[in-house]
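Colleague: Next up is a structure, given as structure tokens.
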Amino acid sequence: MVTVRPPAFWADPHSRLWPWLLSPLEAVVAQLAQRRQKRSGWRAPVPVLCCGNITTGGTGKTTVVMDLASRLIREGRHPHVLTRGYGGSTAQGTQVDLVQHTARDVGDEPLLLARLCPVWVGADRVRTARAAVAAGADCLLMDDGFQNPSLHKTLSLLVVDGSVGLGNGHVLPAGPLRERPAQAFVRASAVLMIGPDRTGFLPALAEYDLPVFRAGLAQSAEVAALGARACVAFAGLGRPEKFFEGLCAAGVNLVQALAYPDHYFYKSRDMRHLSDIAQAGNACLLTTPKDAVRLPPAFRRGVTQVGVDLVWRDPSDPEWILTTLFERFAADEALIGEGKPR
């Protein structure tokens, strides 16, 4: 098993050689990203909240979308989620069907989201937005898509992993950024940092006068039932070490941790290897819900799933986000006027 990891210099703000060598390509990628944003997007007839980021790798966007979707549902709303469906093979513009579809069809994260509310997969965000609205959505949540200008966003929430911040501050391939931060921050409505700010990101953000929210991740209640039993954890995530660190912080007796590539589909030899390790140590196997949907049902039944919950530092912050979403939409509708094209 080969674990694909980003280059070490992406996380090192003091790195000079590789960013300098890759600077010509970086300039091209940054210019293309900036030019792309000059296009105007289609205005949906319902509010659109985008949860995105400006770095590659996992920042916790899907966890944020699940949290906000749950709140909207409790308020009596009918949110639908739009997502690209990484790794899926189904046709674009498809609604996820939990009975019919597997992770190979639509991707792993859409299956998790579809347990809460309707989910549409496809790179064409206008197509999926139109389908969702026709199916009864009264608001849309975008899981990623901040750099996609085809659909107008009522509110854009930038999600930042506090442990990595903006990495070395360079754009692909010289660094982990999808676009230059200054270009992203002027389009953002607010920033949500998950975890402690270990890179000094927040002071650099001050000049943009954006609302900044803070949240953390807490292991779900399943860890309490593990007691002192030896556990072997495995995960194929953008940053699997976050899962392992969370287990240790929750008091799990973690005897071994195995990291796989993000969105990895486990092979028979991987599952045999995991089973052998667990049996040798009289340990139970742990993984994330996102990984579990990529496992065959027979193997999945012998694995404990431990998810994470989003814990807002200020409980009023998500309410501000959702209230502002609908207020801005109403204001935009008033400006557009009756009968004018979107």
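Colleague: Once label points are set 7 Å from the Cα along Cα→Cβ at both residue 35 and residue 124, what is their separation, rounded to one decimal in nm?
Modeller: For residue 35 paired with residue 124, the spin-label model returns 2.4 nm.
Colleague: Round to a whole number: what % of the accessible area of the stretch 274-342 belongs to carbon and sulfur, probe 1.4 Å?
Modeller: Carbon and sulfur: 53 percent of the exposed surface of the stretch 274-342.
Colleague: Ignoring any ligand, DNA or RNA, what whole percent of the accessible area of the stretch 17-57 comes from carbon and sulfur when the probe is 1.4 angstrom?
Modeller: Carbon and sulfur: 62 percent of the exposed surface of the stretch 17-57.
Colleague: Something else about it: Of the beta bridges DSSP finds with both residues in the chain, what % are antiparallel, to the nearest 5?
Modeller: 15 percent
Colleague: Still on this structure: For residue 160, enumerate residues with amide H under 5 Å from its amide H, sequence gap 5+ or separate chain, H modeled in the peptide plane.
Modeller: Amide H neighbours of residue 160: 192, 193, 194.
Colleague: If you average 1/r across every pair of different Cα atoms in the stretch 1-54 and take the reciprocal, what Kirkwood value do you get, in Å?
Modeller: 15.0 Å
Colleague: May I ask for the distance between the Cα centers of the stretch 104-183 and the stretch 22-66, given as a whole number of Å?
Modeller: What the calculation gives is 7 Å, centre to centre.
Colleague: For 313, 5, 125, give me the order by solvent-accessible area with a 1.4 Å probe, most accessible first, ignoring ligands, DNA and RNA.
Modeller: Largest accessible area first, the list is 313, 5, 125.
Colleague: For Rg and Dmax of the Cα atoms in Å, the listed values are (1) 23.3, 74; (2) 20.6, 69; (3) 23.0, 78; which was obtained by calculation from the structure presented?
Modeller: (2)
Colleague: Same structure, new question: Students often forget the sequence filter, so: which aspartates and glutamates lie under 17 Å Cα-Cα from residue 153 once same-chain residues fewer than 8 apart are removed?
Modeller: Partners within reach: 124, 138, 143, 144, 327, 332, 333.
Colleague: Could you compute how much accessible surface residue 152 exposes when probed at 1.4 Å, giving the result in Å² to the nearest 10?
Modeller: About 60 Å², rounded to the nearest 10.
Colleague: Given a 1.4 angstrom probe, what's the average accessible area per residue across the chain, in square angstrom?
Modeller: Solvent-accessible surface per residue comes out at 47 Å².
Colleague: Each residue of the stretch 36-48 in order: what ³J(HN,Hα) in whole Hz does its phi give by Karplus 6.51 cos²θ - 1.76 cosθ + 1.60, θ = phi - 60°, with x for Gly and Pro?
Modeller: Each residue's phi maps through the Karplus curve to give 4, 6, 6, 6, 8, x, 6, 8, 6, x, 9, x, 10 Hz.
Colleague: Peptides 92-100, 204-212, 178-186: what's the order by average Cβ count within 10 Å, highest mean first?
Modeller: 178-186, 92-100, 204-212
Colleague: Now for a separate question. In whole Å and largest first, what semi-axes does the C-alpha gyration tensor of the stretch 198-305 yield when each eigenvalue is scaled by 5 and square-rooted?
Modeller: Output for the stretch 198-305: semi-axes of 32, 17, 12 Å.
Colleague: Enumerate the calculated ³J(HN,Hα) couplings along the stretch 164-175 in order (Karplus 6.51 cos²θ - 1.76 cosθ + 1.60, θ = phi - 60°), each rounded to whole Hz, writing x wherever the residue is Gly or Pro.
Modeller: Along the stretch 164-175, the couplings run 10, x, 9, x, 7, x, 9, 8, 3, x, 6, x Hz.
Colleague: Next up: Mind listing the phi-derived Karplus ³J(HN,Hα) values for the stretch 302-318, rounded to whole Hz, using 6.51, -1.76 and 1.60 with θ = phi - 60°, and x for any glycine or proline?
Modeller: The phi angles translate into x, 10, 7, 9, 10, x, 10, 10, 7, 10, 6, 5, 10, x, 7, 4, x Hz.
Colleague: Let me ask something additional. No solvent, one uniform scatterer per C-alpha: report log10 I(q)/I(0) for the stretch 140-256 via the Debye equation at q = 0.12, 0.13 1/Å, two decimals.
Modeller: -0.58, -0.66
Colleague: Using the Cα atoms of the stretch 110-165 to build a convex hull, what is its mean projected area in square nanometres?
Modeller: 4.9 nm²
Colleague: List the lysines whose Cα sits under 24 Å from the Cα of residue 290, skipping any in the same chain fewer than 8 residues away.
Modeller: Output for residue 290: 61, 242, 267.
Colleague: If you don't mind, another one. Counting only helical runs of four or more DSSP H residues, what would the 222 nm mean residue ellipticity of the chain come to if each run contributes -39,500 (n - 2.57) and the total is spread over all its residues?
Modeller: Computed ellipticity for the chain at 222 nm equals -9500 deg cm²/dmol.
The values are calculated or read from the model by the stated rules, or taken from the named source; none is laboratory data. Remember, predicted model here, so these are calculated numbers, not experimental data. A quick note on method: Cβ atoms are made from the backbone with ideal geometry, for glycine too, and the neighbour counts reach across all protein chains shown. For the accessible areas, the whole protein counts, side chains as well, though only heavy atoms, and no ligand, DNA or RNA atoms are used. Shrake-Rupley method; radii C 1.70, N 1.55, O 1.52, S 1.80 Å.
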